[in-house]
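First comes the structure, then the notes that go with it.
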Amino acid sequence: MKTGLFVGAALLALTLTSPVLAQAVDRREMGAQILENVPVASPAIRESLSRYQNARSATFGDWAPDGGVIITTRFGNTNQLHTVAAPGADRSQITFYDEPVGGAHTLPGGQILFSKDTGGDEWFQLFLRGPDGKAVQLTETGTRNGSPAWSKDGSVLVWSRSTKGSADSDVLMRDASGQAKVIYKGQGQVSPLAVSPDGKTVLLGRYFSISESKRWLLDVATGKLTELNPSRTKIAYAGGKFTPDGRSVLLLSDEGSDFQRLTEIDLATGAKVILSGERPWDIEDFALSDDGRILAYVVNEDGYSKLVVQDFRTRRALPQPELPAGVVSDIAFSPDGSKLGFSLATPTAASDVWSWGVTDAKLERWTASELGGLDAKALVSPSLVRYPSFDKRSIPAFIYKPKLAAGQRAPVIIDIHGGPEGQSRPTFSALHQHTVAELGAAVIVTNVRGSTGYGKTYLNLDNAEKREDSVKDIGALLDWIKTQPDLDPSRVVVYGQSYGGYMSLAVMTHYSDRLAGGVERYGISNFVSFLQNTEAYRRDLRRVEYGDERDPKMLKAFETISPMNNVGKITKPMLVMQGWNDPRVPKSESDQVVAKLRGQGIETWYVQFKDEGHGFLKKANNDRRREVETQFLQKVLGISLAK
């Protein structure tokens, strides 16, 4: 493999920010893919990646009208909707688009509701697919639509709609005649969550930040809005569902606790009952059977899921499923309440669709997604570790380790999640498994302060002016790596996407002398330009988390911590990746940091995808991404593919 930068036919002169010569840029454009300063990959790299990149997954969407399930899976370049008639039956594709499809719901009457955007731009449109297979677009092109909810008989369908340049969301209703109208002019990010059984009331939610949200009851006929559980104290809610009798609402709430709890609120009296008990972990999902008899919820215990099933009326525990250690999501009861469907992913198995028989206690696996020819027994499960940070706080992390000969030390990739309101979980990752098995490197997936899943105290430790305390957590991890006899502290790469991309850049500015290189995908390079250029519907929400650049004190803090203002401290190579249609972290964030890195004389690879947004959802693009990442890791860590 060549180790220098390449000089191509097309040379791009970059603005100089230091007295060095501008780098020549070798640029290759292949369809929607643009590669700058990236060497041509060897066939060996593509061959080593093939099995990992061809692993499939399946996620549970809803129960199908015929009693089967609707799933999302990929057989071509993008995820599409399929039906599965019975556990282990073939998958039958029912949507056929170039763009990924998701958000499947079965409506009363057998229609299937789903959403789709264009090129990852996140301006989602809602579609209804009828029994005849024809799909009709419900929403207006150029708007952003989501959070659909409907009445029990399907006569009322509501959703939220945002328009370009506005931070506000309206709520629309489609009645039995098929006509749609605005029933609530929202302020901020307002979403419908549920429709009462009689179709007369809509439960609305407004999201202010990860630490604060509100719930209201909207009378459809009069437009009257009544706040549910008014409080002067900030409360973070999640979800919401009416009980079948319409007398109560179930939702997740951190009121009076450091953690999210499943709560029932009586609409007549305001009385609250905690249904999930006192647990030192978040409840992250719940479902109630249509007849109101069976309740299920998911507990996030240190990143792993625990699925709990109980009688809703008596609170009596029912038989519980014994599941492989992993992550459960997308839970929903079948219409007759006899089965609970869900997605389950583990470190050694991609997501698949399962069901639990509430009455017969039968666990059934509906899909068995292919692992691309990989041997599941040879895949690595992570160990959960904790390391002390600068303030003695314990930071959780999952570590994947390769098999090593006696006395060997493995190079390390530190993978930092996005968000920052996110959490790395023990699920299947082609990146982690390929890195361990084929490159012989360890992967440490850390949940630095500010991560979800560990309570709101931990969540708020990185807000505003405390932003770089999470960067110090990575510094503490570098210290911990030095104490491990099987890890090589001289060969460490930091890796992240979205907010993790910012973290990668920030870590490189603080600890470049202790790193071999950095990989960042669509990361924030300057908080001021990011806040000014992110889509309007997100801007005020991000200001709550990161700080408001219009505040002189916060502006000064941003000038201090933004990677763009500290690029001079980066001394090691970087790989940057970006989608052109990203509405969250716009392409300009990557363009400016790449230009400045090159202006400083830093070797910088840049990969762009014209048909992607915030995250790469097309297989062809993800194949290219992993190919380039492998090349970069090989070069900066000085390693070769396993024989």
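The values are calculated or read from the model by the stated rules, or taken from the named source; none is laboratory data. Being a predicted model, the structure only gives us computed values, none of them experimental. As a convention, Cβ positions derive from the backbone with ideal geometry for all residues, glycine included, and neighbour counts pool all protein chains shown.
Candidates Met577, Met564: the one that is modelled with pLDDT of 95 or more and closer than 25 Å to Gly76 by Cα is Met577.
Counting only residues that are among the polar types (S, T, N, Q) and in contact (Cβ under 8 Å) with a residue 60 or more places away in the chain, which one in the range 195-233 is nearest to Glu264 (Cα to Cα)? Checking each candidate, the answer is Ser211. Among the residues of the range 300-349, those identified as surrounded by fewer than 19 Cβ atoms within 10 Å (Cβ to Cβ) and in a strand (DSSP E or B) are Glu301, Tyr304, Lys306, Gln310, Asp311, Ala317, Ser329. Ser640 falls short on exactly one of the conditions (1) part of a loop (DSSP other than H, G, I, E, B); (2) crowded, with 19+ Cβ neighbours inside 10 Å; (3) free of Cβ contacts under 8 Å to residues at least 60 places away in the same chain, and that condition is (2). Taken together, Val471, Val445 contain a single residue that is over 23 Å from Ile235 (Cα atoms), modelled with pLDDT of 95 or more, in the same structural domain as Arg393 (by TED's automatic domain parsing) and touching an Asp or Glu at 6+ places or on another chain (Cβ under 7 Å), which is Val445.
Count of the range 136-145 residues, restricted to those that are part of a strand (DSSP E or B) and buried (at least 20 other Cβ atoms within 10 Å of the Cβ), is 2. Only one of the listed residues (Asp117, Asp121, Asp90, Asp98) is in the same structural domain as Val69 (by TED's automatic domain parsing), of a type in the set (D, E, K, R) and within 17 Å of Gly68 (Cα to Cα). That residue is Asp90. Contact map, the range 602-624: first residue within 25 Å of Arg538 (Cα to Cα), second residue in a helix (DSSP H, G or I), Cβ cut-off under 6 Å, separation 6 or more or different chains; pairs are Phe609/Asn621; Glu612/Asn621; Phe616/Asn622; Phe616/Arg625.
A Cβ distance below 7 Å, combined with a sequence gap of six or more or placement on separate chains, defines the contacts here; from the range 235-246, residues that are more than 18 Å from Pro335 (Cβ to Cβ) and in contact (Cβ under 8 Å) with a residue 24 or more places away in the chain reach residues that are surrounded by 16 or more Cβ atoms within 10 Å (Cβ to Cβ) and of a type in the set (Gly, Ala, Ser) in the pairs Ala236/Ser211; Ala236/Ser213; Tyr237/Gly205; Tyr237/Ser213; Tyr237/Ser253; Gly240/Ala194; Gly240/Gly205; Gly246/Ser196. Being at pLDDT 95 or above, at negative phi and not in a strand (DSSP E or B) holds for only one residue in Pro87, Pro131, and it is Pro87. The single condition among (1) surrounded by 17 or more Cβ atoms within 10 Å (Cβ to Cβ); (2) within 26 Å of Gly613 (Cα to Cα) that Ser48 does not satisfy is (2).
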